[in-house]
1. Which residue, of Gly45, Gly9, Gly53, Gly34, is in contact with a Pro (Cβ under 6 Å, 6 or more places away or on another chain) and touching a residue at least 24 places away in the same chain (Cβ under 8 Å)?
2. Output the residues belonging to the stretch 398-419 that are among the hydrophobic types (A, V, I, L, M, F, W, C) and not in a helix (DSSP H, G or I).
3. So which helices (runs of 4 or more DSSP H) stay within the stretch 242-354 end to end and still have 1 or more residues that are in contact with a helix residue (DSSP H, G or I) (Cβ under 9 Å, 6 or more places away or on another chain) and farther than 21 Å from Pro408 by Cα?
4. Determine which single condition Pro854 fails, assuming it passes every other condition in (1) touching a strand residue (DSSP E or B) at 6+ places or on another chain (Cβ under 6 Å); (2) under 30 Å from Leu650 (Cα atoms).
5. Take the residues in the stretch 728-761 that are in contact with a helix residue (DSSP H, G or I) (Cβ under 6 Å, 6 or more places away or on another chain) and not in a loop (DSSP other than H, G, I, E, B); name whichever of them is nearest to Gly866 (Cα to Cα).
6. Quick one: in the stretch 272-313, of everything that is in contact with a strand residue (DSSP E or B) (Cβ under 7 Å, 6 or more places away or on another chain) and of a type in the set (Ser, Thr, Tyr), which residue is farthest from Gly339 (Cα to Cα)?
7. Could you tell me how many of the residues in the stretch 703-724 are free of Cβ contacts under 8 Å to residues at least 60 places away in the same chain, surrounded by fewer than 16 Cβ atoms within 10 Å (Cβ to Cβ) and charged (D, E, K, R)?
Amino acid sequence: MALTLHVNGAVHQVAAAPFASLADTLRERMGLTGTKIGCDAGDCGACTVLMEGEQVCSCLISTAQAEGKAITTIEAQHPVVDRLRAAFLAHGAAQCGICTPGMIMAAADLLGRNQNPSRRDIEDGIGGVLCRCTGYVKIIEAIADVARGTNSLAPLAEAGAAVGARIARADGVAKVAGTDKFGADSAPADALWLRAVRSPHAHARFTFGDLEAVKSAHPGLAAILTAADIPGANSFGIFPTIKDQPVLAPGFVRYRGEAVLALVGTREAVEGLADAALPIAWTVDAALIGVEAGLTEGAPALHANIPDNVLTRGYLETGDVEAGHRLGAATAEGHFRTGFVEHAYIEPEAGYALRVGDRIEVTACTQAAVMDQEEVARVIGVPMASVRIVPTACGGGFGGKLDVSIQPLIAVAAWLTGKPVRVIYSRTESMASTTKRHPSKIWAKASADTQGRFTAYEMTGDFNTGAYASWGPTVANRVPVHATGPYKVPHVKNATRAVHTHEVPAGAFRGFGVPQAAIAGETLIDDLAEQLGLDRWAIRRINAIDHGDRTPTGQVLHASAGLPQCLDAVKADYDAMVAAAEAENAKGGRIARGIGVACMWYGCGNTSMSNPSRMRITLTAGGKLTFLNGAVDIGQGSTTVLLQIAADALGLPTTDFDFVIGDTDRTYDAGKTSASRQTFVSGNASKLAGLDLRAKILALANAGPQAKLKLDGTRLTVADGEAGRVIDLATLEADETGIVLAGEGQYDPPTTVLDAKGQGIPYATYGFAAQVAEVVVDRVLGTVKVTRIVAAHDVGRAINPTLTEGQVHGGIAQGLGLALMEEYLPGRTENLHDYLIPTAGDMPDIVVKLIEDPEPEGPFGAKGVGEPALVATAPAILSAIRHATGVRMREVPVLPHKLWEALQVREAAE
């Protein structure tokens, strides 16, 4: 049906179904992919456009409703939108960028109605658009700047001065313009669609009826794929020795949401065929739900090679923990629980695969291009060289896009049909089938002497890794190292287990179990402080690990141990906030104010494992300088930060560079985007690549190390004091691709394998932080509002302070969600309406203090910050709730009814 749409000032005749959503028509019929779809239910706001000047969720508006209306999208040339784009770029308000078009359009609506908005007005104006990356702080600042008429421009950095500069994101223009291509934004026009059919049961066996008859009855179906159709190995996994998860279940399922078959065909065919119409006969078996069930004696084994359902164990021991407890004047212990937490990235998994002769190419959102390449090759049954992975822009990941999801499905379908195949997960499918933060059940005990010095710490932790291994071994092994927190503790014994259950697999999520352990440890520190009559900040400062101190693994921190500086940086704020809260609480009433404090540490990189990165910079005869960077940027800013490092090492400005990100045909393996490793590990590789190319240029020009470089077309000027030389690149011998000079760098952090007692050097460096939280508690309703966070983070060196602050803001938002609202319940909270994440209105005032205790092993002194940003927030909030109410909450999230019940128990006891 032809409909008349007025879009961005032009009239279009569009062939579209009248009841198709406006978002779908804009994207699939008109090619305006700047309008994003994150939920198809009006929950996330990524699809926000203006209709007659007012913001609407275009996924909820039918195309027929929009006919004849003035529609404005992010692609429009619009004066307010243009100013917002510039402000978002200058403030670093776009991280992954998936929500950015919707945010900008919502802000344009707000500023069209209110030219002098307050912060509350801005929060309300963008309240319908969710962001999982930024914590909203820089978004609000950017909108406020536009309202004030401020001319927002990010600075440019001169050659050699990029490190430490607040330059704009190198990939930021495309994000604020809506032209960045995410997984769902590009596919061949003739691509078939794929839809996985998933189990409604947590544990069941199944058989298929006549699938060929189904295919014959639906001409739009090109294939119905089952486990029998997998050409290679029907299994994948993170670790080389653990490939336990099938692409398509082979007659039985281990969790609700597991894929059993895949429909491939026209969009109408695969979406129109209901699961209930398929001939699948189910025999439902009893499911093991929760770690207690998985560990029950005689419980059925999920995997034949793991009879007790314990996938792996982690352990650390130093000193004599029983003797350490006896030395203590105070001892605290407790049980703690956390549940499944959803990554809730705004971009559902999406991409397409294309067979090119005897090769397969997969273009998709991912955090780990080379691992995707390995797993797809395994599933197809071809060499790695026959697989190309092209990462799209990634609309958030946080660990959830480390595991393969869509990649093997579309690769198999494209390989077998010979046609391009695309997939876009629905929000429900994404949440039902992909990994989560590990639920934990932790017991911990801590002791301290009369001066408050810690004498012993021990913990046992069971982590629900779900049906398949995923990152379970990493969690089980990282937690014992970190469980004491960033403190000097002479006697330690920590033991963990990753336990299989019939639940959604738990994997990597910003911290690999450390946030769960920090909740336990930091709560016990507050207990000890109370018993000893010590201030909560003071007891942490007394025990803060420092330069020259030894960690529980026996590692000596020779440098970059900035926790004391972090604590000192928040001290004045903490004192003032505590005094103000106690003065207010002395007045009585239903509202109580509380202040909490917590610290954290986090090892950058893989635990005691080789995790190298390799980078390359090329220069062609035509003067094209290209940074070939295999590190996937999921919003954290690695594309920009690594470019700043490489540029300063080489001695040319960042604006001279083109870059290629993650394409496995063109870049080297830079490792996974995880474990806060890219700035530190890939940053070192980038620096070495820049230095390598610089050395070759200086040798060619016979110049000294202080020479300055300038690139102008094919002319490369090397100025060495009064002397100088101009190299005409066009005259140099080039390879078959036109490259005349290239620099390469590889770096692998120096670590050692941990022994049976967890002793060794698990990480080359650590991030540290101290956070102070202020909350307001309604003692009648049990509600908690976080009003202020002061966060001091030791980052070694802030390569780009704007992006570093943005990481801290976003981590705090996720920590707030973990503490107060986020709870994934299979079958119940599988959308962004029932699963709550913080909105702009939920965010407190945040003050970030960047502490730079340089890491000699790091590039220009830098280390990671992505995961450290999150870890301290939830325990600081729990500490504040306790200060306000006297109630110890040992299970998160602290939902209002749970806090209300705890308050009633406390009042009854009094």
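The values are calculated or read from the model by the stated rules, or taken from the named source; none is laboratory data. Everything numeric here is computed off the predicted structure, so don't read it as measured data. Methodologically, a virtual Cβ is constructed for each residue, glycine included, from the backbone with ideal geometry; neighbour enumeration extends over all protein chains shown.
1. Numbers: Gly45 fails: in contact with a Pro (Cβ under 6 Å, 6 or more places away or on another chain); Gly9 fails: in contact with a Pro (Cβ under 6 Å, 6 or more places away or on another chain); Gly53 fails: in contact with a Pro (Cβ under 6 Å, 6 or more places away or on another chain).
Residue meeting the stated conditions: Gly34.
2. Step one: list which residues in the stretch 398-419 are among the hydrophobic types (A, V, I, L, M, F, W, C), which gives 398, 402, 404, 406, 409-416.
Phe398, Leu402, Val404, Ile406 - these are the residues of the stretch 398-419 that are among the hydrophobic types (A, V, I, L, M, F, W, C) and not in a helix (DSSP H, G or I).
3. Details: elements: 267-272, 291-295, 321-327.
Hits in the stretch 242-354: none.
4. (1)
5. The selected residue is Tyr747.
6. The extreme case among them is Thr283.
7. Our first condition is that a residue be free of Cβ contacts under 8 Å to residues at least 60 places away in the same chain; within the stretch 703-724, this holds for 703-707, 717-724.
Now restrict to residues that are surrounded by fewer than 16 Cβ atoms within 10 Å (Cβ to Cβ): 704-706, 717, 721-724.
In the following step, the residues that additionally are charged (D, E, K, R) were identified as 722.
Within the stretch 703-724, residues that are free of Cβ contacts under 8 Å to residues at least 60 places away in the same chain, surrounded by fewer than 16 Cβ atoms within 10 Å (Cβ to Cβ) and charged (D, E, K, R) number 1.
Condition check ((1) surrounded by 16 or more Cβ atoms within 10 Å (Cβ to Cβ); (2) assigned by TED's automatic domain parsing to the domain that holds Val404; (3) basic (Lys, Arg); (4) touching a Pro at 6+ places or on another chain (Cβ under 8 Å)) across all residues:
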residue	(1), (2), (3), (4)
Phe208	yes, yes, no, yes
Val260	yes, yes, no, no
Leu273	yes, yes, no, no
Leu295	yes, no, no, no
Pro300	no, no, no, no
Ala304	no, no, no, no
